[in-house]
Amino acid sequence: MDYYVGQLRRARAHAGSGFNGAAAIFGTTWCFYRKRYRQGILLALAELATSAIVWAVVAGTGMLPVDDPETETITALIALIAVRVPFGQMANRLYLQAAEAAARTARASGDPREDIRQTLTGRGGPFATGIALSILAQLGLQTLVTFLGLAAA
């Protein structure tokens, strides 16, 4: 939590909220670990959509052989970088906005200062089970995409 308090102070001083490398590397898993479920699902969908767009461009232009497994790896990596780098730049700001909204809600309910800290820690602190949930969500989305791809064929 101290990391994000420092980031909040920095953001308020107009120095920006910084780049969150963990969010960029772990993506949806970071979101679920931090209890940002909606953002995690949206990120996973953005990654799938970007991957499909990159694949369509590669296939349409003939830049790389479509039936080559390396092409799949390259297009997936390009899509991942295209989504995760901007997400890493935005992650702290999004997380801090959620924390500030939760703090406003807690203050409005008349919670004492210590209760507010406990409330915020409970709402946004690490959630190890979120890692398993993110893996299940990603597998579910990939299964759905695969099924829809096979059904369309």
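The values are calculated or read from the model by the stated rules, or taken from the named source; none is laboratory data. Remember, predicted model here, so these are calculated numbers, not experimental data. Cβ atoms come from the backbone with ideal geometry, glycine included; neighbour counts cover every protein chain shown.
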#### Entry: For ILE41: the one exception among (1) part of a helix (DSSP H, G or I); (2) exposed (fewer than 12 other Cβ atoms within 10 Å of the Cβ)
(2)
### Query
Looking at ALA128, ALA76, which one is modelled with pLDDT under 85, within 22 Å of LEU141 (Cα to Cα), surrounded by fewer than 12 Cβ atoms within 10 Å (Cβ to Cβ) and touching a helix residue (DSSP H, G or I) at 6+ places or on another chain (Cβ under 9 Å)?
ALA128
### Query
Just to be sure, is GLY122 modelled with pLDDT of 75 or more, surrounded by fewer than 16 Cβ atoms within 10 Å (Cβ to Cβ), under 23 Å from the mean Cα position of the chain (by Cα) and more than 22 Å from GLY18 (Cβ to Cβ)?
no
### Query
Does THR50 qualify as being buried (at least 18 other Cβ atoms within 10 Å of the Cβ) and either farther than 19 Å from GLY130 by Cβ or in contact with a helix residue (DSSP H, G or I) (Cβ under 7 Å, 6 or more places away or on another chain) (or both)?
yes
#### Entry: Scan of the stretch 56-89 for residues that are more than 25 Å from TRP30 (Cβ to Cβ) and touching a residue at least 12 places away in the same chain (Cβ under 8 Å), ordered by number
VAL58, THR71
#### Entry: Top-ranked residue in the stretch 16-36 [being assigned to a loop (DSSP other than H, G, I, E, B) and under 15 Å from PRO86 (Cβ atoms); ranked as nearest to the chain's Cα centre (by Cα)]
GLY27
### Task
Could you pull out the residue among PRO86, PRO65, PRO69 that is under 30 Å from ALA102 (Cα atoms) and not polar (S, T, N, Q)?
PRO86
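Just name the residue that is modelled with the lowest pLDDT out of those in the stretch 18-37 that are more than 12 Å from LEU133 (Cα to Cα) and surrounded by fewer than 22 Cβ atoms within 10 Å (Cβ to Cβ). Write out each step before concluding.
The first filter runs over the stretch 18-37 and keeps only residues more than 12 Å from LEU133 (Cα to Cα), leaving 18-27.
From what is left, the residues that are surrounded by fewer than 22 Cβ atoms within 10 Å (Cβ to Cβ) are 18-19, 21-22, 24-26.
Numbers: GLY18: 82, PHE19: 90, GLY21: 93, ALA22: 92, ALA24: 94, ILE25: 92, PHE26: 91.
Looking at residues that are more than 12 Å from LEU133 (Cα to Cα) and surrounded by fewer than 22 Cβ atoms within 10 Å (Cβ to Cβ), I get GLY18.
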### Single condition ARG84 does not satisfy, out of (1) of a type outside the set (A, V, I, L, M, F, W, C); (2) assigned to a helix (DSSP H, G or I); (3) surrounded by fewer than 15 Cβ atoms within 10 Å (Cβ to Cβ)
(3)
